[in-house]
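Down below is the structure, laid out as structure tokens.
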């Protein structure tokens with residue numbers, strides 16, 4: 001399996017900008033732990049968001065990142081468990097043609113993708129992996 005290091009899609013000619021549009025279910029962690037995602041373990045701390053996506057997949061997001069990237073569905077108040085929608089924000093993505101691994105963040109959890117999955121770069125040093133079927137369902141190409 002190819003471990004991708006020092007990922008930076010900003011100058012990759014095969015990377016494109018996409019936006020996600022997804023309704024998710026969130027509960028906030030009451031203790032530290034780890035959630036098993038399709039791509040590997042996601043460690044979390046008290047207060048972080050534990051997310052179930054529209055396709056049933058699970059992952060965690062640090063509270064500060066969650067607060068900046070998701071909005072509650074009314075009448076829910078921000079910080080309560082329930083339904084949220086991501087705030088559309090362009091991210092860089094590139095489909096990878098072989099099995100691969102990447103760190104979620106510098107020194108963070110190592111996650112694993114299969115051939116055909118998408119490498120996501122939310123910001124330099126902030127990476128993710130999205131299964132192709134989910135990517136097709138929730139991401140749209142942004143006009144370049």
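The values are calculated or read from the model by the stated rules, or taken from the named source; none is laboratory data. The structure presented is a predicted model; accordingly, all values stated were derived computationally and were not measured. Please note: Cβ atoms are built from the backbone with ideal geometry, for glycine as well, and neighbour counts cover all protein chains shown.
Evaluate segment 33-45: report whether one residue or more is in contact with a helix residue (DSSP H, G or I) (Cβ under 6 Å, 6 or more places away or on another chain) and either in contact (Cβ under 8 Å) with a residue 40 or more places away in the chain or outside any loop (DSSP other than H, G, I, E, B) (or both).
Looking through segment 33-45, none of the residues is in contact with a helix residue (DSSP H, G or I) (Cβ under 6 Å, 6 or more places away or on another chain) and either in contact (Cβ under 8 Å) with a residue 40 or more places away in the chain or outside any loop (DSSP other than H, G, I, E, B) (or both).
Can you tell me how many residues within segment 104-126 are over 14 Å from residue 37 (Cα atoms) and at pLDDT below 95?
The total comes to 9.
Give just the number: which of (1) under 18 Å from residue 116 (Cβ atoms); (2) surrounded by fewer than 11 Cβ atoms within 10 Å (Cβ to Cβ) does residue 16 not satisfy?
That leaves (2) as the condition not met.
Quick check: anything in segment 118-139 touching a helix residue (DSSP H, G or I) at 6+ places or on another chain (Cβ under 6 Å), surrounded by 15 or more Cβ atoms within 10 Å (Cβ to Cβ), farther than 14 Å from residue 5 by Cβ and outside the structural domain of residue 37 (by TED's automatic domain parsing)?
Looking through segment 118-139, at least one residue is touching a helix residue (DSSP H, G or I) at 6+ places or on another chain (Cβ under 6 Å), surrounded by 15 or more Cβ atoms within 10 Å (Cβ to Cβ), farther than 14 Å from residue 5 by Cβ and outside the structural domain of residue 37 (by TED's automatic domain parsing).
Looking at the structure I just gave you, is residue 102 touching a residue at least 24 places away in the same chain (Cβ under 8 Å), under 20 Å from residue 42 (Cβ atoms) and touching a strand residue (DSSP E or B) at 6+ places or on another chain (Cβ under 7 Å)?
Yes; evaluated as a whole, the condition is true for this residue.
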